[in-house]
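A.B. asks: Provided herewith is a single structure, encoded as structure tokens, for subsequent inquiry.
The values are calculated or read from the model by the stated rules, or taken from the named source; none is laboratory data. This structure is a prediction, so every number in the text was calculated from the model and none was measured. All Cβ positions, even for glycine, are placed from backbone atoms using ideal geometry, and neighbour counts span all protein chains on display. Ligands, DNA and RNA are stripped out before the accessible areas are found, and what is left, the full protein with its side chains, is counted by its heavy atoms. Shrake-Rupley method; radii C 1.70, N 1.55, O 1.52, S 1.80 Å.
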Amino acid sequence: MKRVFLWAFAFLPLISSAQVEKTTSPVDYINPLMGTSSKPTLSNGNTYPAVALPWGMNFWTPQTGKMGNGWQYTYEADKILGFKQTHQPSPWMNDYGMFSIFPETGKLKLNEVQRASWFSHKAEIAKPYYYSVYLADYDVTTEITPTERAASFRFTFPKSDSSHIVIDAFDKGSYVKIIPGEQKIIGYSTKNSGAVPANFKNYFVIYVDKPFELASAWHNWQTDGSLEYTGDHAGAVISFKTKKGEQVHLRVASSFISIEQAELNLKREVGTDKFETTCQKGKDTWNKTLSRLTPEGGTIDQTRTFYSSLYRMLFFPNKMYEIDAKGQNVHYSPINGKTLPGYYFAGTGFWDTFRALYPFLNLVYPSINKEMQEGLINSYKEGGWLPEWSSPGYADCMIGNNSASVVAEAYLKGLRGYDINTLYEALKHGANNEGPNATGRRGVQYYNTLGYVPYDVKINENAARTLEYAYDDFAIYQLGKALGKPASEIDIYKKRSQNYRNLFDPQTKLMRGKNKDGSFETPFNPFKWGDAFTEGNSWHYSWSVFHDIQGLINLVGGKPQFAAKLDSVFTMPPVFDDSYYGTVIHEIREMQIANMGQYAHGNQPIQHMIYLYNYAGEPWKTQYWARETMNKLYKATPDGYCGDEDNGQTSAWYIFSAMGFYPVTPASDQYVLGAPLFKKLTVKLENGKTIIINAPKNSVANKYVTSLTVNGKPYSFNWLSHKALLNGAVLNFDMSATPNKQRGTKAADVPYSMSNEK
């Protein structure tokens with residue numbers, strides 16, 4: 001705690017209560033170290049400082065963990081082993097296509113532990129577009145600035161007769177070749193965490209602006225005198241004399257296709273640009289992307305947290321496509337191993353990101369999601385399935401068939417110009433078949449016949465699967481309707497969308513695993529994590545009826561009973577049963593220590609639950625708990641998240657909540673109201689329209705909405721229309737310290753539920 005405390009004061013000016021200066025550019029508020037104070041037993045984000053451009057193919061990060069360690073950078077570490085090219089979406093998924101670069105002086109040290117240098121956060125600068133750190137053991141300063149598929153390095157060396165640059169292509173199959181006459185190193189790494197074809201390679205090319213005096217390939221941590229090596233663990237080292245303060249520059253690029261393509265990527269993205277030019281271009285790209293949202297009237301801390309969260313939302317899924325010599329988009333397929341035309345993206349789990357990350361893209365950055373949808377078409381054509389977790393191929397992780405939500409929502413919210421009919425066929429195929437790894441639907445034969453995945457047929461997390469499949473069926477039904485498909489084709493999905501009812505236990509009024517014979521699982525402990533549920537318990541998953549909250553309210557017994565049950569989540573103690581796992585998994589611990597009862601915001605299943613008070617006629621409780629969660633569980637510090645950040649989803653919850661609304665039902669036209677965080681927030685849409693969210697009386701005390709006008713007219717509904725927002729809107733919130741218990745309480749004010757359809 002002491003170290004974090006000292007760092008916080010070194011990194012942040014002591015003006016946290018002051019208002020934000022408008023002259024600062026958005027990227028300057030970002031702390032890429034937010035969430036890096038994490039470990040397997042407790043996640044404060046499980047992030048690393050990604051030095052990259054938005055949705056770039058490659059990221060760079062200082063490496064404090066050993067080769068293969070998913071926790072590749074942790075704030076508490078005090079030594080750096082290398083500067084690593086990474087594509088890692090999560091430490092739990094680990095990495096693929098990685099290699100590292102590291103400067104040294106003095107006696108050459110190849111072994112990653114022996115070569116590691118002490119560093120301090122006091123001599124570290126982390127920005128999205130620039131990273132710098134002083135390596136104390138070698139008296140070398142390393143600087144990195146990225147492009148989408150390349151990067152520039154600048155090493156500032158001391159006076160030394162023995163200065164070195166070590167290239168580590170990592171184990172599990174790699175290759176290096178040194179070409180001294182061209183001051184060039186090429187190679188590839190095959191190290192990956194699975195879900196790729198046998199021919200997977202990440203090719204790299206490195207140019208150095210200083211002649212090599214000595215050069216050698218190495219393996220098994222030993223140089224061999226050769227200039228080329230292929231084997232389990234290849235590397236290269238180049239050496240030269242340096243003067244005090246001499247700067248050595250590297251231009252680096254990679255490709256999943258070939259060395260030649262890596263050369264093209266380098267030429268196109270870096271060319272002959274100086275380090276400062278590449279750095280300024282990166283900063284400009286970030287500012288242009290971030291400036292689509294402008295919060296005003298908040299504290300420095302709030303603005304930093306806002307932009308640091310937005311930064312995390314603009315990485316995954318990341319581009320896996322490249323641009324060939326003809327200027328055409330091409331990609332290596334991590335499914336069939338071929339190089340094919342078109343877009344491809346990788347590195348996201350739809351179980352997380354369907355909830356708020358993709359809705360945010362559809363609202364603010366729809367053009368990049370259009371590319372992502374085209375990438376999904378290619379995934380389906382190349383492998384026969386849509387991914388549920390791409391890392392970069394079909395990873396075997398998590399549950400659900402939530403590609404249905406991602407695909408349906410994009411079209412329903414206005415994306416056009418791609419082959420939606422092929423995607424619709426892909427959704428139907430995935431909904432009615434069990435695919436490899438996590439694709440399709442595990443237990444589909446039971447779900448489609450019984451209306452649920454049984455508890456006693458050796459399919460884990462069965463109740464969670466059932467609930468998510470039901471929502472996914474709703475998404476398919478909605479897309480089918482929008483495409484004009486016949487009722488004879490889509491009514492089955494409408495019917496299956498009600499399958500959540502099959503797991504509702506009228507005795508406990510909670511969701512409960514059900515056996516094949518129709519009996520509920522016995523004994524039943526609603527505080528038991530895992531088993532019938534996914535990284536949560538019944539109290540977390542019982543709200544997962546995204547498309548039909550009114551139907552759930554009816555089952556519980558009415559709005560007062562439903563609101564009381566929502567209240568219980570926060571008033572119960574954080575008790576738990578970890579017997580399914582046999583240990584306290586980090587998600588349990590994060591719920592326990594947050595002091596918010598059973599509310600486990602650090603994991604995704606319950607994140608929408610706060611917004612459900614709007615359906616029960618008590619919207620002021622949504623306003624209270626949304627503000628409480630933003631204030632308590634988010635901050636732009638190394639321990640600034642309350643669980644796994646997960647590819648932008650946990651950040652997306654914050655950004656939407658700061659705007660004052662949230663997509664409870666992504667595959668619908670509606671956002672459910674909360675209360676905005678800032679006095680003013682401006683959203684510039686891609687179509688040239690603007691959403692202005694005004695709340696001039698906003699303050700720490702004034703967290704409740706007294707009234708709302710939309711485009712100057714009184715507005716009592718507890719939801720906003722996506723279509724209406726796309727036309728541009730001015731939302732004027734009147735805020736106060738006491739709740740208005742009359743606004744938004746009428747039956748007509750509630751957001752969409754399938755049971756209310758006429």
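A.B. asks: Go through the stretch 191-206 and give me each residue that's surrounded by fewer than 21 Cβ atoms within 10 Å (Cβ to Cβ), polar (S, T, N, Q) and at pLDDT 95 or above. Quick ask: steps written out before the conclusion?
C.D. replies: First pass over the stretch 191-206, keeping only residues surrounded by fewer than 21 Cβ atoms within 10 Å (Cβ to Cβ): 193-194, 197-199.
Filter again for polar (S, T, N, Q), leaving 193, 199.
Selection gives N199 alone.
A.B. asks: Filter the stretch 346-390 for residues that are under 19 Å from N336 (Cα atoms) and in a loop (DSSP other than H, G, I, E, B); which is farthest from the chain's Cα centre (by Cα)?
C.D. replies: Here the answer is G384.
A.B. asks: Looking at (1) touching a residue at least 12 places away in the same chain (Cβ under 8 Å); (2) of a type in the set (K, R); (3) open to solvent by 10 Å² or more (accessible area, probe 1.4 Å), can you tell me which one R441 breaks?
C.D. replies: Against the list (1) touching a residue at least 12 places away in the same chain (Cβ under 8 Å); (2) of a type in the set (K, R); (3) open to solvent by 10 Å² or more (accessible area, probe 1.4 Å), R441 comes up short only on (3).
A.B. asks: Scan the stretch 444-456 residue by residue and report those that are closer than 22 Å to P605 by Cβ and open to solvent by 20 Å² or more (accessible area, probe 1.4 Å).
C.D. replies: The answer is Y446, Y455.
A.B. asks: Just one of (1) more than 23 Å from Y455 (Cβ to Cβ); (2) without any contact (Cβ under 8 Å) to a residue 60 or more places away in the chain; (3) crowded, with 23+ Cβ neighbours inside 10 Å; (4) in contact with a Phe, Trp or Tyr (Cβ under 6 Å, 6 or more places away or on another chain) trips up F562, so point out which.
C.D. replies: The single condition F562 does not satisfy is (4).
A.B. asks: Considering the stretch 527-558 alone, what residues qualify as being open to solvent by 30 Å² or more (accessible area, probe 1.4 Å) and under 22 Å from M572 (Cα atoms)?
C.D. replies: Within the stretch 527-558, F527, K528, E535, L555, G557 qualify.
A.B. asks: Continuing with the same structure: Identify all residues within the stretch 641-670 that are more than 15 Å from the chain's Cα centre (by Cα) and open to solvent by less than 10 Å² (accessible area, probe 1.4 Å); write none if there are none.
C.D. replies: Passing the criteria: S657, A658, M659, G660, F661, Y662, P663, V664, T665, P666, A667.
A.B. asks: Among the residues of the stretch 141-158, is there at least one that is open to solvent by 10 Å² or more (accessible area, probe 1.4 Å), part of a strand (DSSP E or B), over 30 Å from I30 (Cα atoms) and modelled with pLDDT of 95 or more?
C.D. replies: No: zero hits.
A.B. asks: What are the residues in the stretch 565-596 that are open to solvent by less than 10 Å² (accessible area, probe 1.4 Å) and in contact with a helix residue (DSSP H, G or I) (Cβ under 7 Å, 6 or more places away or on another chain), if any?
C.D. replies: Those that are open to solvent by less than 10 Å² (accessible area, probe 1.4 Å) and in contact with a helix residue (DSSP H, G or I) (Cβ under 7 Å, 6 or more places away or on another chain): L566, V569, M596.
A.B. asks: Next question, about the same structure. Does the stretch 671-703 hold any residues that are under 20 Å from K621 (Cα atoms) and open to solvent by less than 30 Å² (accessible area, probe 1.4 Å), and which are they?
C.D. replies: Residues satisfying the conditions are Y671, V672, L673, G674, A675, P676, L677, F678, A695, N698.
A.B. asks: Now a separate question. Is it the case that the stretch 487-506 has a residue that's in a loop (DSSP other than H, G, I, E, B) and surrounded by 18 or more Cβ atoms within 10 Å (Cβ to Cβ)?
C.D. replies: Yes, because at least one residue in the stretch 487-506 is in a loop (DSSP other than H, G, I, E, B) and surrounded by 18 or more Cβ atoms within 10 Å (Cβ to Cβ).
A.B. asks: Evaluate the following for L708: is it farther than 27 Å from R501 by Cα, touching a residue at least 12 places away in the same chain (Cβ under 8 Å), in contact with a helix residue (DSSP H, G or I) (Cβ under 8 Å, 6 or more places away or on another chain) and of a type in the set (A, V, I, L, M)?
C.D. replies: So L708 fails the test.
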